[in-house]
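Each remark here refers to the structure printed beneath this line.
The values are calculated or read from the model by the stated rules, or taken from the named source; none is laboratory data. Since the model is a prediction, treat every value here as computed from it, not as a measurement. For neighbour counting, all protein chains shown are included, and Cβ atoms are generated from backbone atoms with ideal geometry for every residue, glycine included. Side chains are part of the model used for accessible areas, which takes the heavy atoms of the whole protein and leaves out ligands, DNA and RNA. Shrake-Rupley method; radii C 1.70, N 1.55, O 1.52, S 1.80 Å.
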Amino acid sequence: MSKRKPRSSYSPKKSPRKGAKASSWFKKILFALFLLLLLSGLGFLVLCYQYLEGELADISQLHDAKLPMPMKIYTADNKLMAEFGEIRSTPVTYEQIPTKLVQAVVATEDQNFFEHGGVDFMGLCRASVELLLTGTKSQGGSTITMQVARNFYLSREKTFARKLNEILLARKIDEALTKKQIMALYLNKIYLGNRAYGVSAAAQVYYGVPLNQLSLAQLAMIAGLPKAPSSINPIANPVAAKKRRNHVLARMRELGYIDKEEYLEALSAPVTTTYHGLKIEVNAPYVAEMVRSTMLNQYGNAAYTHGFRVYTTIDSKQQLAANQALTQALINYDRRHGYRGVEANLGKPEKNSLIQWREKLREFPTRGGVRAAAVIDVKPKSITTLIENGDIVTISADKTAWTHKGGDLTQWLKPGDVVRVLALPGGGWDFSQVPKVEGALVALNPINGAITALVGGFGYSSGNFNRVTQGYRQPGSSFKPFIYSSALARGFTLASVFNDAPIVINDPSMDHPWRPQNDKGEYSGPMRLREALVRSRNLVSIRVLAAVGSSYAIEYASRFGFELHKMPYGLSLALGTALVTPLEMAAGYAVFANGGYHVTPFIIDRINDEQDQVVYQAHPKVACVACISDQAPRKLPEGYAPAVITAQNAFMMDSAMQDVIRRGTGRGALVLGRSDLAGKTGTTNDKMDAWFSGFNSDLVATVWVGFDQPQPLKEYGAQAALPLWNSFMEKALQGKPFHQLAQPPGVVSVLIDPKTGLKARPNQSNAVSEYFLESKVPTAVAPLEQVVESTEDAQEAESDLSAEPVDSVEAAAVSATAAQNDEEDTHLF
């Protein structure tokens, strides 16, 4: 048997070169492609970054960021009157922010804030993974720096482009600013609910105290607000807010910012938050609206966000006095004219009805401090009432005596009745009602025109119609001083005699002859101008205007600031039928108070910007008291108000109006016990309007009382308006020295006969003193014996003259006095 040859163990190897080469080249190609793609991607990212960085906002402004700040309005003595702007913000520096607040914010919003470079990439990754896995957004994605970028530069839209911009901006901000600067920007800008932007504003809104007075629990509450400031704040949802506060405290404890004792103490603190509105120190809503309107016209909507501080000319003491005087005067007038009854009935009280009643009481707005109240229980000598805020108020029967409804309250009140109550200054409550009558008061400095107090009506909530500046009404007899002043300018004197007797005026524009009368239809015959003004005689005033001339008197009155087109051409102007505002009347009377200069009323003294730099300063033209001389100069030095009447004219009118208070229609002002006051009452036809304007050399005040829809007041100016003026001036002048015009050169005092106005006879027992220009001193002496007609004889003697038409009367009067018409004021105009 043949033997098979053993198989050789050798077998030739296949050549690996061809396959290995192919594999190696393939790997190299893949690597090259990967590298190319990587480099391309990186290059693309670099290009995108460079592009986006070039498109990023300029953050240089953050070094001096102007945070939105409301406009604040102050009195002259730096007391807050109002704030305008949707945002309540009070920026503070980093050093003014409590350390514990910074730690609380870092613990809950961005625990790595002081370590990362503006973007926490680990936090972003965690948030991204969470978003991919659950579809929900978790905390940790946005750093404080990113929130600053968003709050200052970006919208709230949720897109990847916006997020990328936010990341890039955050990096840029972190490189440009310090951590303290970034934290300060964040804590000043962040919205924290209830119109509060920034932690300082939040401290005021929620706790009513400055930031540095907050406790740890309160700081933690504020630090927890950024998550949901509108829905999880301690006012809207105190339970959820407390839970969030406790979470902040727990995080602070975990990070070692507070110890266990501090943690437990803050954790047990109750939620004591209540809404704290703006702390208004002086209530002057009409002033605030005047300023707001002016600022809006000047600066547009920037007025509400640029942090302007507007300092007015308002004196806080005078404004408070004006508020109290007007409110009480109108309530007193209203009570004098009876109780109008309850305003509504809310039905019988049932279970839980008090809560419903509180809601319904909101339909009856508070005006001038007079609040609506629902009667809960009625007893013969008292009622128990509910106010809208939940307070229970008891009113005793003696507080209702003014209603004249009877002492047994059960006879005219029942449960559910809506009545009005008024808090008394010394405590307790008064039974009241909202006056239907309205009023206005304005006071100003006669030297420069600065408005020191202004109230435009009873209760601003009823509307913003400002009766001081917008309420054109007839001034009645309070306009007479301007007519009498024009007579002095025409050459008459306060001793000139005019007849107080009936007159008939035929005016082609009227359907029948006009027969003006004195108030009570009585006539006194011939009387001097001073006496006619003191007693406010209408017929004398008409004859004075006829003698002066309507055209001249209208032009003359316009020098005091009255509008030409609002003064009627005719003798009715003597009775105050022009249309004027209380502010115009005050400015007009200021001419008499300051010696003859027309000052322009103003209310804004200066405006400061958010950096407290003055951007506007008023430079009013002032009365040149030192310029008083025999004849006022044609041109005054720069900065002085124009002289519109002579100092002599102003002095004599001041003297005559002092007599109005001493012994005339304004003698009610004698209760003030001052000898330096002058003024004039005013009452229009059918007692539709009541006025008083009065002054000394330091202060002028005008008051008006009437109905917005004219109807009879049934009271004179001395009854309805003068008590209001008295109440204000008593407080405004308290502690102030007496100050009146000094007798100027060229004016002399002479004894005259009180009936004829001629020079008194030697040793005449009933002689009176009168002021004259030196050139107008009477030379004729009053006769020893004189037959003076009685009032009835005077009326009969005037019957023929009174039948003359207006133009004949005026022409006759002017002709008869032509020799006297060497105008003392001509050189001024």
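Observations on the structure shown:
- Enumeration of residues in region 589-641 that are part of a helix (DSSP H, G or I) and either at pLDDT 95 or above or under 23 Å from the mean Cα position of the chain (by Cα) (or both): Y589, A590, V591, F592, A593, N594
- Residue check for I451: surrounded by 23 or more Cβ atoms within 10 Å (Cβ to Cβ) and farther than 30 Å from H619 by Cα: no
- Within the option set N345, N389, being on the phi < 0 side of the Ramachandran plot, of a type outside the set (F, W, Y), surrounded by fewer than 16 Cβ atoms within 10 Å (Cβ to Cβ) and in contact with a helix residue (DSSP H, G or I) (Cβ under 9 Å, 6 or more places away or on another chain) holds for one residue only, N389.
- Filter result (open to solvent by less than 20 Å² (accessible area, probe 1.4 Å) and in contact with a Leu (Cβ under 9 Å, 6 or more places away or on another chain)) within region 81-90: A82, S89
- Filtering region 340-369 to residues that are of a type in the set (G, A, S), modelled with pLDDT of 90 or more and not in a loop (DSSP other than H, G, I, E, B) leaves only A344.
- Yes/no for A553 being touching a His at 6+ places or on another chain (Cβ under 8 Å), at pLDDT 95 or above and surrounded by 22 or more Cβ atoms within 10 Å (Cβ to Cβ): no
- Candidates are the residues of region 743-766 that are outside any loop (DSSP other than H, G, I, E, B) and open to solvent by less than 20 Å² (accessible area, probe 1.4 Å); the one that is farthest from N594 (Cα to Cα) is I752.
- Region 304-322 - residue that is modelled with pLDDT under 95 and not in a loop (DSSP other than H, G, I, E, B) and, of those, least open to solvent (accessible area, probe 1.4 Å): Y304
- Residues in region 480-530 that are acidic (D, E) and without any contact (Cβ under 8 Å) to a residue 60 or more places away in the chain: D511 only.
- Positions within region 217-272 being of a type in the set (V, I, T) and either open to solvent by 70 Å² or more (accessible area, probe 1.4 Å) or within 39 Å of the chain's Cα centre (by Cα) (or both), in sequence order: I222, I232, I235, V239, V271, T272
- Applying the set (1) part of a helix (DSSP H, G or I); (2) within 29 Å of the chain's Cα centre (by Cα) to F465 leaves exactly one unmet item: (1).
- Scanning region 273-301 for residues that are surrounded by 13 or more Cβ atoms within 10 Å (Cβ to Cβ), in a helix (DSSP H, G or I) and either over 17 Å from the mean Cα position of the chain (by Cα) or not small (G, A, S) (or both) returns P285, Y286, V287, E289, M290, V291, R292, T294, M295, L296, Q298, Y299.
Okay, residues lined up against (1) within 23 Å of R543 (Cα to Cα); (2) among the acidic types (D, E); (3) in contact with a strand residue (DSSP E or B) (Cβ under 8 Å, 6 or more places away or on another chain); (4) buried (at least 18 other Cβ atoms within 10 Å of the Cβ):
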site	(1), (2), (3), (4)
L571	yes, no, yes, yes
Y589	yes, no, yes, yes
V599	no, no, yes, yes
I603	no, no, yes, yes
I607	no, no, yes, yes
A618	no, no, yes, no
V625	no, no, no, no
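- Residue within region 650-673 that is touching a residue at least 12 places away in the same chain (Cβ under 8 Å) and in a strand (DSSP E or B) present: no
- Residue check, I505 of a type in the set (A, V, I, L, M), in contact with an Asp or Glu (Cβ under 9 Å, 6 or more places away or on another chain) and open to solvent by less than 10 Å² (accessible area, probe 1.4 Å): yes
- Once region 553-588 is narrowed to residues that are hydroxyl-bearing (S, T, Y) and closer than 30 Å to F602 by Cβ, the residue that is nearest to the chain's Cα centre (by Cα) is T581.
- The set of residues in region 174-195 being touching a Ser or Thr at 6+ places or on another chain (Cβ under 8 Å), of a type in the set (A, V, I, L, M, F, W, C) and within 22 Å of M69 (Cβ to Cβ) consists of I182, A184.
- Region 716-734 - residue that is over 16 Å from V700 (Cβ atoms), outside any loop (DSSP other than H, G, I, E, B) and in contact with a strand residue (DSSP E or B) (Cβ under 7 Å, 6 or more places away or on another chain) and, of those, most open to solvent (accessible area, probe 1.4 Å): A718
- Criterion applied to D110, D58, D64, D77 was being under 31 Å from the mean Cα position of the chain (by Cα) and either modelled with pLDDT of 65 or more or not polar (S, T, N, Q) (or both), and the one residue passing it is D77.
- Counted as qualifying within region 371-429 are the strands (runs of 3 or more DSSP E) with 2 or more residues that are in contact (Cβ under 8 Å) with a residue 60 or more places away in the chain, namely 417-423.
- Exclusive hit being buried (at least 21 other Cβ atoms within 10 Å of the Cβ), among the charged types (D, E, K, R) and within 18 Å of T577 (Cα to Cα), set R490, R515, R543: R543
- Residue in region 522-542 that is on the phi > 0 side of the Ramachandran plot, in contact with a Gly (Cβ under 9 Å, 6 or more places away or on another chain) and of a type outside the set (A, V, I, L, M) present: yes
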